[in-house]
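Student: Please find one structure pasted underneath; my questions will follow.
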Amino acid sequence: MFSKDTIIRFQNNETPFYYYDLNLLNDTLSSCKKASDQFGFHVHYALKANFNKEVLKTIKNVGFGADCVSGNEVKKAIEIGFEPGKVVFAGVGKSDKEIIEALNHDIFCFNVESVQELGVINELAAGLGKTARVAIRINPNVDAHTHQYITTGLEENKFGINQWELNSCIEELKRCSHLSLIGIHFHVGSQITNLEVFRSLCIKVNELSSWFEDHGFNLQVLNVGGGLGVDYHNPDEHSIADFEAYFSVFDKFLERRPGQEVHFELGRALVAQCGSLISRILYVKNGLKKNFLILDAGMTELMRPALYQAYHKIENISSVSDQIVKYDVVGPICESTDCFGKEVELPDSKRSDLIAIRTAGAYGEVMSSGYNLRERVQSLYSE
């Protein structure tokens, strides 16, 4: 919900823009930290969800670490002030340049996704006279029961090392004198709302942690990734995810050795609800079978509906009409996939009305583009 004063602010700003409620973000971060601290868990924020500067500064101030999937994300995290000792670098295709950048920053850990990558990092670390801390990202073959494009933990996915490759990993680690294995890493997918998925993950982590122990490795870290989903349909009723329930699953089912740390990599659950895409209606097209609202925001500002057929709640925040009309809400981009929602029930709408597309704080601004030579989307923050 937006206050009258906030809507007046919106009306005085050029659209489209992302609006970030930093008060809600702080409340979300506090809830997550309180729940994770209760169990002694460590949280790294996944920068790929949102790397807006003000959002990152707010997250850094809570004391979370940073989960990065590119060299530039590592660089950005360090620039914002995340401690290098709390920065992890994942990603299935790290370039030599990116690895060297991370080694020079002496980051906490590389999450390694192939046997070959172990050798590459070892060679580059040797060239710099360094020893790299690594965790093996293992594909647990656990179904996340989410959209196929954001499932990452099955053997058919490109991510991680398959379990039948682990003996080769052990041999490579013994050969690589500039690597130090500190943990194992998992990530089964994103937007997971069924907590039973995480229970299944715990069982697999327990099995593989024991396997490494039996092979002579005492693991410092069990990194279980992230993936906790949010409520896209009811952003006001469920503005903060149930972190207590989420972490409780791991506390109950994950077996930990004395001194062993449990790390998480949360992104969407921390930032999704604090962000909305604010747009204006350019044109209203009333047809015999379809009514269209054509916005000044499009898939160049919010890609998720076109990419994943993802749902976002759409609100007309300036209309005072009591009449409800069904509209296809679309953007101005010259692509048929440039559609935010079909048959959306909204108050009778007119040109220049303000539209809010909710729960857009994750994978919104970061995926924006300049396609059609569009200007880059701007940001506005709560006061």
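Student: Within the range 273-304, track down each residue that is charged (D, E, K, R) and touching a residue at least 60 places away in the same chain (Cβ under 8 Å).
Tutor: Passing the criteria: Arg280, Asp296, Glu301, Arg304.
Student: Turning to a different aspect of this structure: Scan the range 339-383 for residues that are of a type in the set (Lys, Arg) and either under 17 Å from Leu277 (Cα atoms) or part of a strand (DSSP E or B) (or both) and report the count.
Tutor: 4
Student: Considering only residues of the range 257-294 that are more than 26 Å from the chain's Cα centre (by Cα) and under 30 Å from Val87 (Cβ atoms), which is surrounded by the most Cβ atoms within 10 Å (Cβ to Cβ)?
Tutor: Ranking the candidates gives Arg257 first.
Student: A follow-up question, please. Go over the candidates Val43, Val69, Val74, Val55 one by one and state the one that is of a type outside the set (Gly, Ala, Ser) and closer than 28 Å to Lys252 by Cα.
Tutor: Val43 is the lone residue from the list that is of a type outside the set (Gly, Ala, Ser) and closer than 28 Å to Lys252 by Cα.
Student: Which one is surrounded by the most Cβ atoms within 10 Å (Cβ to Cβ), of the residues in the range 321-353 that are under 12 Å from Phe292 (Cβ atoms) and among the acidic types (Asp, Glu)?
Tutor: Asp338
Student: Hey, another quick one. If Phe186 satisfies every condition in (1) at pLDDT 90 or above; (2) out of contact with any Pro (no Cβ under 9 Å at 6 or more places or on another chain) but one, which is the exception?
Tutor: (2)
Student: Considering only residues of the range 278-330 that are among the polar types (S, T, N, Q) and not in a strand (DSSP E or B), which is farthest from Glu343 (Cα to Cα)?
Tutor: Selected residue: Thr300.
Student: Separate question: Does Gly287 meet the test of being modelled with pLDDT under 95 and assigned by TED's automatic domain parsing to the domain that holds Tyr327?
Tutor: It is true that Gly287 is modelled with pLDDT under 95 and assigned by TED's automatic domain parsing to the domain that holds Tyr327.
Residues are listed down the side, and each one gets a yes or a no for (1) of a type in the set (Lys, Arg); (2) over 22 Å from Val62 (Cα atoms):
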| residue | (1), (2) |
| --- | --- |
| Gly225 | no, no |
| Asp242 | no, no |
| Ala245 | no, no |
| Lys252 | yes, yes |
| Glu261 | no, no |
| Gly267 | no, no |
| Ser279 | no, yes |
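Student: Is it fair to say Val205 is farther than 30 Å from Glu123 by Cα and touching a strand residue (DSSP E or B) at 6+ places or on another chain (Cβ under 9 Å)?
Tutor: So Val205 fails the test.
Student: Of (1) without any contact (Cβ under 8 Å) to a residue 60 or more places away in the chain; (2) in contact with a strand residue (DSSP E or B) (Cβ under 9 Å, 6 or more places away or on another chain), Ile100 satisfies all except one. Which?
Tutor: Going through the list (1) without any contact (Cβ under 8 Å) to a residue 60 or more places away in the chain; (2) in contact with a strand residue (DSSP E or B) (Cβ under 9 Å, 6 or more places away or on another chain), Ile100 breaks only (2).
Student: Being closer than 16 Å to Leu219 by Cα, assigned by TED's automatic domain parsing to the domain that holds Val224, modelled with pLDDT under 95 and touching a strand residue (DSSP E or B) at 6+ places or on another chain (Cβ under 8 Å) is the requirement here; does Cys169 meet it?
Tutor: When the stated conditions are applied, Cys169 passes them.
Student: Based on what the data block shows, is Leu208 part of a helix (DSSP H, G or I), among the hydrophobic types (A, V, I, L, M, F, W, C) and closer than 20 Å to Val249 by Cα?
Tutor: Yes: the conditions hold for Leu208.
Student: Taking the condition of being assigned to a loop (DSSP other than H, G, I, E, B) and of a type in the set (Asp, Glu), how many residues in the range 218-270 meet it?
Tutor: Total satisfying the criteria: 5.
Student: Would you point out the residue of the range 342-378, among those that are closer than 22 Å to Asn234 by Cβ and among the hydrophobic types (A, V, I, L, M, F, W, C), that is farthest from the chain's Cα centre (by Cα)?
Tutor: Step by step, filter the range 342-378, then rank; the result is Leu346.
Student: For the condition without any contact (Cβ under 8 Å) to a residue 40 or more places away in the chain, surrounded by 20 or more Cβ atoms within 10 Å (Cβ to Cβ) and closer than 29 Å to Tyr18 by Cβ, what is the one hit in Val88, Val43, Val62, Val74?
Tutor: Result: Val74 is the single residue among Val88, Val43, Val62, Val74 that is without any contact (Cβ under 8 Å) to a residue 40 or more places away in the chain, surrounded by 20 or more Cβ atoms within 10 Å (Cβ to Cβ) and closer than 29 Å to Tyr18 by Cβ.
The values are calculated or read from the model by the stated rules, or taken from the named source; none is laboratory data. In this text, all values refer to a predicted model and were calculated from it rather than measured experimentally. Here Cβ is always computed from backbone atoms with ideal geometry, including for glycine, and neighbour counts include all displayed protein chains.
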